[in-house]
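One structure is given below, encoded as structure tokens.
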Amino acid sequence: MERVRNETARKLAERAANQLVAIVESSHDAIVSKDLSGIITSWNDSAERLFGYPPEEAIGKPITMIIPPDRLDEEPLILGRIRRGERVDHFETVRQRKDGTLVEISLTISPIRDDHGRVVGASKIARDITDRKAAEAKLRRNEQQMKDLLAAIPAAIYTTDANGKITYYNEAAVELAGRIPIIGSDEWCVSSKLYWPDGTPLPHDQCPMAIALKEGRIVRGWRPSRKGRMGRVYLSSLTPRHCATKRAPSSVGSICWSTSANEKMRRHRYACCSTS
């Protein structure tokens with residue numbers, strides 16, 4: 001009976017091991033294991049596709065073979081954490097392929113323990129994030145270009161979030177408002193005071209910008225005014241833009257046309273107000 005139980009346990013363990021091997025080999029992520037000396041002990045097909053080395057060229061070699069010279073100081077730190085039984089999650093770094101090219105990856109590293117619970121090595125899951133990083137860099141460039149463009153336009157431009165709090169303003173908006181807006185604190189407008197055409201104060205949460213964003217509709221023909229360095233500036237219309245996603249159904253921006261009553265030529269100025 002004992003022999004039957006042992007044989008059953010052996011078969012179950014063997015089946016589990018085979019399943020684990022199948023999972024590792026079929027993974028789209030590179031999965032590599034190493035001992036506490038940093039020597040590679042396993043290397044799946046995705047690791048070969050990512051780094052260019054076949055298993056026979058990687059197993060038994062130091063993991064530093066894929067680490068660029070300027071990143072070699074990372075390995076002792078990683079091994080130190082593994083020896084302490086710690087897990088390293090989503091560590092973004094750069095590794096080097098067989099052909100010498102660099103690849104940006106995200107690493108998740110877990111300790112490997114023996115039957116007694118002692119840490120004997122580490123398992124690494126490496127995911128190629130080159131495309132994601134390129135997309136992020138492109139987005140940053142586009143955002144900077146947009147900020148540069150907005151800063152160069154001779155118009156008061158500021159942005160708010162969905163709750164109406166100011167998130168960005170250009171120098172023309174400072175000139176229009178006669179003050180420096182407070183990011184994340186000021187709401188709906190860069191000006192501290194707004195007025196109805198008859199001169200009575202207009203609460204910020206009732207201004208055209210607030211109405212346009214709260215109700216998601218075009219507001220036309222309003223004539224509130226604000227005080228700034230140019231004197232009293234009138235707003236003639238606000239046109240909100242909308243998100244198309246279900247998660248963000250609120251307005252994402254508005255455009256208003258502003259004129260200064262104190263300028264002899266009644267020079268028209270645009271004030272573009274949007275939300276992120």
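The values are calculated or read from the model by the stated rules, or taken from the named source; none is laboratory data. None of the values given here were measured: they were computed from a predicted structure. We place every Cβ from the backbone using ideal geometry, glycine too, and count neighbours over all the protein chains shown. When the accessible area is computed, the model is the full protein with side chains, heavy atoms only, and any ligands, DNA or RNA have been set aside. Shrake-Rupley method; radii C 1.70, N 1.55, O 1.52, S 1.80 Å.
Give me a count of the residues in segment 39-52 that are touching a residue at least 40 places away in the same chain (Cβ under 8 Å) and within 23 Å of Ile112 (Cα to Cα). Full working, then the answer.
Let us first name the residues in segment 39-52 that are touching a residue at least 40 places away in the same chain (Cβ under 8 Å), namely 41, 47, 50-52.
With the extra rule that they be within 23 Å of Ile112 (Cα to Cα), the set shrinks to 41, 47, 50-51.
Within segment 39-52, residues that are touching a residue at least 40 places away in the same chain (Cβ under 8 Å) and within 23 Å of Ile112 (Cα to Cα) number 4.
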Return yes or no: is Ile183 surrounded by fewer than 16 Cβ atoms within 10 Å (Cβ to Cβ), at pLDDT 85 or above, under 22 Å from the mean Cα position of the chain (by Cα) and not in a helix (DSSP H, G or I)? yes
When you scan segment 122-143, do you find a residue that is surrounded by fewer than 16 Cβ atoms within 10 Å (Cβ to Cβ), in a loop (DSSP other than H, G, I, E, B) and out of contact with any Cys (no Cβ under 6 Å at 6 or more places or on another chain), even just one? no
Being of a type in the set (A, V, I, L, M, F, W, C) and open to solvent by 70 Å² or more (accessible area, probe 1.4 Å) is the filter here, so list the residues in segment 144-166 that pass it. Met146, Leu149, Ala152
So how many residues does segment 95-121 have that are outside any loop (DSSP other than H, G, I, E, B), more than 25 Å from Glu56 (Cβ to Cβ) and of a type outside the set (Gly, Ala, Ser)? 5
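When segment 71-84 is examined, which residues are found to be over 15 Å from Ile105 (Cβ atoms) and either among the hydrophobic types (A, V, I, L, M, F, W, C) or free of Cβ contacts under 8 Å to residues at least 40 places away in the same chain (or both)? Step through it out loud before you land on a result.
Of segment 71-84, the ones over 15 Å from Ile105 (Cβ atoms) are 72-73, 76-77, 79-84.
Those that are over 15 Å from Ile105 (Cβ atoms) and either among the hydrophobic types (A, V, I, L, M, F, W, C) or free of Cβ contacts under 8 Å to residues at least 40 places away in the same chain (or both): Leu72, Asp73, Pro76, Leu77, Leu79, Gly80, Arg81, Ile82, Arg84.
Looking at Thr101, is it among the polar types (S, T, N, Q) and in contact with a Lys or Arg (Cβ under 8 Å, 6 or more places away or on another chain)? Give the derivation first.
On the way: among the polar types (S, T, N, Q): yes; in contact with a Lys or Arg (Cβ under 8 Å, 6 or more places away or on another chain): no.
No.
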Only residues that are out of contact with any helix residue (DSSP H, G or I) (no Cβ under 6 Å at 6 or more places or on another chain), in contact (Cβ under 8 Å) with a residue 12 or more places away in the chain and open to solvent by 40 Å² or more (accessible area, probe 1.4 Å): list them for segment 87-112, please. Arg87, Asp89, His90, Phe91, Glu92, Lys98, Asp99, Leu102, Ile112
Restricting to segment 158-186, what's the tally of residues that are over 13 Å from Met209 (Cβ atoms) and among the β-branched types (Val, Ile, Thr)? 5
Just need a number here: residues in segment 150-192 that are touching a Lys or Arg at 6+ places or on another chain (Cβ under 6 Å), closer than 12 Å to His204 by Cα and among the acidic types (Asp, Glu). 1
Of the residues Lys147, Lys98, Lys138, Lys133, only one is within 17 Å of Val32 (Cα to Cα) and charged (D, E, K, R); which? Lys98
Residue list for segment 40-54, filter: surrounded by 15 or more Cβ atoms within 10 Å (Cβ to Cβ) and farther than 20 Å from Ile129 by Cα: Ile40, Thr41, Ser42
Within segment 186-216, the count of residues that are crowded, with 16+ Cβ neighbours inside 10 Å and either of a type in the set (Phe, Trp, Tyr) or assigned to a loop (DSSP other than H, G, I, E, B) (or both) comes to 8
